[in-house]
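*Asks:* My structure is below; once you've seen it, I'll send some questions.
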Amino acid sequence: MTNKALGLIETYGYVLALEAADVCLKAADVKIIGLELVGGGFVTLKICGEVSSVKVSVDIGAAAVNRMGRVVSVDVISKTAIGLEKIIYSNEKRERSNKNDLEKIVEKKGINFEDIIISSENCNKLNKFKVVELRKIARQIDDFQMDKKKIKFAKKIELIKAIKNYLKGQEG
């Protein structure tokens, strides 16, 4: 990644980011290194390549998105600094790390989440899950102590506590 240019296009909406990605790839010889869901509807497209290619791609991609919707911001870093990869790839690595944690949680009985069994013996791993994942787990439990609306607004600690209580009740 170092010595390559980094292009960033932040849009409001996933579809617009996909449009930008499509146009960027067609405009010049660049590589997409990520499409990050920032939050609140904002999505950042990350591309890399030679400086001139990235500049052309970002300009054309941003113009295409502006015709359809809204570009929030655009940036081209001509030569990325050593160590910047930690920031650029941080979201991707975090997602991979969470998946690995999910795959390690396998027991014979409990809650099945994405082909992983979560039981009272391994429920301490719940801390490593994102709130979104904990909400998915809670929603799939039929007799869960929270209703759907409460799950939607529950904080991480509340979800973990409720799931642990459910698992302990399942043992007896």
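No lab work stands behind these numbers, since they all come straight from the coordinates. Being a predicted model, the structure only gives us computed values, none of them experimental. Every residue, glycine as well, gets a Cβ built from its backbone with ideal geometry; the counts of neighbours run over all protein chains shown.
*Asks:* Quickly work out the Leu25-to-Leu37 label distance, labels modelled 7 Å from Cα along the C-beta direction, and quote it in nm with one decimal.
*Replies:* Distance between the two pseudo-spin positions: 2.0 nm.
*Asks:* So which of Lys31/Lys130; Lys31/Lys86; Lys31/Lys79; Lys46/Lys155; Lys46/Lys152 end up more than 27 Å apart by C-alpha? Numbers along the way, then the final one.
*Replies:* Details: Lys31/Lys130 29 Å; Lys31/Lys86 18 Å; Lys31/Lys79 15 Å; Lys46/Lys155 31 Å; Lys46/Lys152 30 Å.
Where the Cα-Cα span goes over 27 Å, the pairs concerned are Lys31/Lys130; Lys46/Lys155; Lys46/Lys152.
*Asks:* In addition: Sort segment 5-88 into rounded, prolate or oblate with this rule: let a ≥ b ≥ c be the square roots of the eigenvalues of the Cα gyration tensor; rounded if a/c is under 1.5, and if a/c is not under 1.5, prolate when a/b is larger than b/c, oblate otherwise.
*Replies:* Working: a/c = 2.03, a/b = 1.24, b/c = 1.64.
Here segment 5-88 falls in the oblate category.
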